Amino acid sequence: MFQQVVISGITVGAIYALIAIGFTIVFSTVRVVNFAHGEFVMVGGLLYAWLTIVQQIPLALAIPLAIAACVVVAWLSYELCLAGMNKDNHIAQVMVTLGLGVTIKGLAQVFIGKDTQFPPSFSSGSPLMLGSMSISQQSIWIVGSLAVLLGLLWAVMQKTRIGKGMRAVAINHYAAVLMGISPKRAAIIAFVFAGLIGGAAGALLSPVASAHYDNGMFLGIKGFAAAILGGLGHPIGALVGGLILGLVESLTAGYLSSAYKDAVSLVLLLAILLFRPQGLLGRALPNKL
Amino acid sequence: MLAIRHVSKRFGGLRALRDVNIEAERSCVTGLIGPNGAGKSTLMNVISGFIGADEGSVTVDEAETIGLPPHRMCASGVVRTFQNLQMFSDMSTVEVVVMGRTRHRRASLAANLLMTPAVRHEERDAFLAAQDLLVRMDVPESFWLRRAGDLPYGFQRRVEIARALATEPAYLLLDEPAAGLNDKESSALGETLRKIADGGIGVVLIEHDIDLVMNVSARVFVMDAGTVIASGTPSEVRSNPDVVAAYLGEEHD
Amino acid sequence: MKLTVSPAASESTAKRPGVPLSADRKLSLVLMVLFPICTFAVTNSFYKSVLVLSMINAIAAVGLCLMLGFAGEISIGQAAFYGLGAYVTAYLANQFHIEPALAIAAGAAVAMTIGWGISRPLSRLHEHYLAMATLAFGIIMYIFFANARAFTGGLDPGASVERFMFLGFDLSSMERYFWVVWVALGLSVLVAGNIASTQVGRSLLAVKMSASAAASVGVDVVRMKAFVFAIGALLTGLSGGLYAYFARSFNAGTFGIGYSIELLMMVVLGSLTRVSGAIVGAFIITILPVVFEQFEDYKTLVFGITMVLIMKFMPSGLVEGVLSLGERLLRGKRN
């Protein structure tokens, strides 16, 4: 039992980590908590389900298509909604991304429908047996993808000019401009990454947890909880936060109460926000009055 | 007397303030100058209660005030303005100044919710007081009902000072009030500051415009690297070799 | 020293002798008169009930308007207070058979206490974090409402209340209950209007525009934030209690994130800084599904697009934006 709970915790935690990375990238370059981010994840899952179940498109094509659509959604989100907004009007920023999330959810509802979809796993086959533990193939896909995507992100951030530029923007907008990096371009790339990783997370999760147009906000807040748990702005923090959150949830569901498992992770989010808003790995932030 | 004694403040490894001692008398202008990063703004934040100090004391007319939050500092008679103009931009100009009357409002929250006659009376008095101050600060009547954020910059500076004066402070701390003003506006400001001091208020002027400080101050303190390196009358300070080295020299490069 | 009153005169003129009411108050008064006229004009009982519901929503929207518009404290968890008001009212009325009006007052008081309690820690947070924290609070409370079935009845069978009686009179018919809600809305608007046109409202605005400057002139910022959370929760709780007697039977589904977002829509559609704007917004959002039959299907999409457009182009609210545009045109003509 315990081992199975841990495996499911790690699987869910890996998904939360993927969602958290999107929050982290966008927050560190654009300084916005993107309330629509969960909807990117929802779109990834729902489109994957719709393409495979309704359109009968083969998996190998459906997965990249769904993710590509998420990238487009994320890019448009920035281009149409956030670009050019007053950076100091935080309330307007929150409301715009919130409205954006509602819009994406509305589009999914109108064009894809309200049905809950159960798409196929990425690969069919019997679960992997490790002693008495059974690990589903999808779990392996999820954890493997997390490793690959984290590696890819690391490589881009460390090795490419774009990545270095984005890190510069995250540290200091003014310095970045002096280095010839446009904050707008960095913002677009941040959103594209968020869409890519978020869409992948959605597609990976949907065979395990089903896909539904109304799931986005929930996935979003869990991802945010993971991001803030590790420290918003740290990719490694996102990984640590995601895994902790996944384990806490699955332990709660396994041993306490499945009805309150979401409440427990949200209480954890509140506690972190109130007592350690910089996260477990972050440095202290200046306090507001 | 506003007395700052042995105040020290660290930010991590940086010693922003080291054993700072400054005194400011009522009815005169006290200047505080120093190069960027000398700790002037940090000191201002400590005095006005926005950040705590690690050691030392701040007394206002003998009463210890260190550790009080900003709104309590205001109640103790110390009010400040801000280097980067903190205007209530979306209010009308007169309302911005009315906000300065906050510490003199006696009506309870409940009375305000019920809008009792006493509250109406108090509101009227506050508006009349605010209008008086706007007249004193030479803000033309045509601006009073305009959105404060739409006023020309120089007038917003005056409104900010009017708002501070509306609290009827014993000490007024001004954080670079001449920043962004032209020469004419700057000398008019000097005139105003002297008048404020003549009214019995102790004015503490933190400023980059050295001519302004030297013209209006009775006493000048010079800070460098978190500590006071010299003090005295403007002419004493001007001829102090340490000051010339630390500040005036650099300024004239 | 005389003050000339220009057509664009701001709130400040409200306090001058001879100018007794601000534009906002006049508009609120007109709306309070329009509601009874409307209810007499419509004969269809369904429309009458929609009107009552829009007034119930208006009370909650006025509360959120004070929080978001005046104090700049964003809350995406208002449905929690709405639910608290409704469930506490139902629980007290059913368990202890107390006077319904008292039960509603108690529900509002509980909501207020919780709002005040969470404000202290929450109001230190940066806007983005505050928004997330209130959203989390809203979802936690929703999970509680849906699962604490002993207290709330959960999603099924839900909760129900007896008829609304007041001092032995049966006021439960929609015609009579209208007046109950009308009085509650009237009182809420009166108090909110008093806040808006006195030092309290000005202090809230000051806290939003510059907390440092507000503190420097003597405003106790923490206390003002706690106050606005409390009053926002109080009004939303009151609205929830009235909803309990309006619906008579309801379940946790009513108190999800969806309602919190609808409340935000109401404020955004109206005005962030006018009480009357919140009433207009509440009215529009409540009647839309009635006016357009197919609206339910497109509601989410339309709300989302509208919110983005308004916040991007008229961040002070739609009605507000249109009004100030008109004001500017008017002034342009006169000069």
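Tell me yes or no: at least one residue of the stretch B:53-68 is at the interface with chain C (Cβ under 8 Å from one of its Cβ atoms) and either touching a Phe, Trp or Tyr at 6+ places or on another chain (Cβ under 7 Å) or over 17 Å from C:Leu204 (Cβ atoms) (or both). There is no residue in the stretch B:53-68 that is at the interface with chain C (Cβ under 8 Å from one of its Cβ atoms) and either touching a Phe, Trp or Tyr at 6+ places or on another chain (Cβ under 7 Å) or over 17 Å from C:Leu204 (Cβ atoms) (or both). All conditions in (1) among the hydroxyl-bearing types (Ser, Thr, Tyr); (2) touching a helix residue (DSSP H, G or I) at 6+ places or on another chain (Cβ under 6 Å); (3) at the interface with chain C (Cβ under 8 Å from one of its Cβ atoms) hold for B:Thr93, with the sole exception of (3). Answer yes or no: is there a residue in the stretch A:254-268 that is surrounded by fewer than 21 Cβ atoms within 10 Å (Cβ to Cβ), in contact with a helix residue (DSSP H, G or I) (Cβ under 8 Å, 6 or more places away or on another chain), at pLDDT below 90 and of a type in the set (Phe, Trp, Tyr). Scanning the stretch A:254-268, I find at least one residue that is surrounded by fewer than 21 Cβ atoms within 10 Å (Cβ to Cβ), in contact with a helix residue (DSSP H, G or I) (Cβ under 8 Å, 6 or more places away or on another chain), at pLDDT below 90 and of a type in the set (Phe, Trp, Tyr), so the answer is yes.
Residues in the stretch B:189-206 that are assigned to a helix (DSSP H, G or I), in contact with a helix residue (DSSP H, G or I) (Cβ under 9 Å, 6 or more places away or on another chain) and not basic (Lys, Arg): B:Leu189, B:Gly190, B:Glu191, B:Thr192, B:Leu193, B:Ile196, B:Ala197.
Conditions (1) within 27 Å of C:Val52 (Cβ to Cβ); (2) more than 10 Å from every other protein chain (Cβ to nearest Cβ), marked per residue:
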| site | (1), (2) |
| --- | --- |
| C:Gly277 | yes, yes |
| C:Ile285 | yes, yes |
| C:Leu288 | yes, yes |
| C:Glu293 | yes, yes |
| C:Asp297 | yes, no |
| C:Gly326 | no, yes |
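Of the helices (runs of 4 or more DSSP H) lying entirely inside the stretch A:133-219, those containing at least 3 residues that are among the β-branched types (Val, Ile, Thr) and in contact (Cβ under 8 Å) with a residue 12 or more places away in the chain are A:137-159, A:183-209. In the set (1) surrounded by fewer than 23 Cβ atoms within 10 Å (Cβ to Cβ); (2) touching a residue at least 24 places away in the same chain (Cβ under 8 Å); (3) touching a Ser or Thr at 6+ places or on another chain (Cβ under 6 Å), A:Gly106 fails one condition alone, (2). The set of residues from the stretch B:99-108 being surrounded by fewer than 22 Cβ atoms within 10 Å (Cβ to Cβ) and within 8 Å of chain C (Cβ to nearest Cβ) comprises B:Arg103, B:Arg105, B:Ala107. Please determine, by comparing only the residues of the stretch B:210-229 that are within 19 Å of B:Thr42 (Cα to Cα) and surrounded by fewer than 20 Cβ atoms within 10 Å (Cβ to Cβ), which one is modelled with the lowest pLDDT. Per the criteria, the residue is B:Ala225.
Applying the criterion of at least 2 residues that are modelled with pLDDT of 85 or more to the helices (runs of 4 or more DSSP H) found wholly in the stretch C:267-335 leaves C:275-291, C:295-313.
Inside the stretch C:203-230, can you point out the residues that are among the charged types (D, E, K, R) and in contact (Cβ under 8 Å) with a residue 12 or more places away in the chain? Once the filter is applied, which keeps residues that are among the charged types (D, E, K, R) and in contact (Cβ under 8 Å) with a residue 12 or more places away in the chain, the stretch C:203-230 yields C:Lys208, C:Lys225.
Given the criteria crowded, with 16+ Cβ neighbours inside 10 Å, part of a strand (DSSP E or B) and touching a Phe, Trp or Tyr at 6+ places or on another chain (Cβ under 6 Å), does B:Ile22 qualify? Judged against the criteria, B:Ile22 is a match.
Residues checked against (1) out of contact with any Lys or Arg (no Cβ under 8 Å at 6 or more places or on another chain); (2) within 23 Å of B:Gly77 (Cα to Cα); (3) within 8 Å of chain C (Cβ to nearest Cβ):
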| site | (1), (2), (3) |
| --- | --- |
| B:Val97 | no, yes, no |
| B:Ala110 | yes, no, no |
| B:Glu123 | no, yes, yes |
| B:Leu151 | yes, no, no |
| B:Arg157 | yes, yes, no |
| B:Glu176 | yes, yes, no |
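The values are calculated or read from the model by the stated rules, or taken from the named source; none is laboratory data. Computed from a predicted model, the values in this text were never measured in an experiment. Ideal geometry is used to build each Cβ from the backbone, glycine not excepted, and the neighbour counts take in all protein chains shown.
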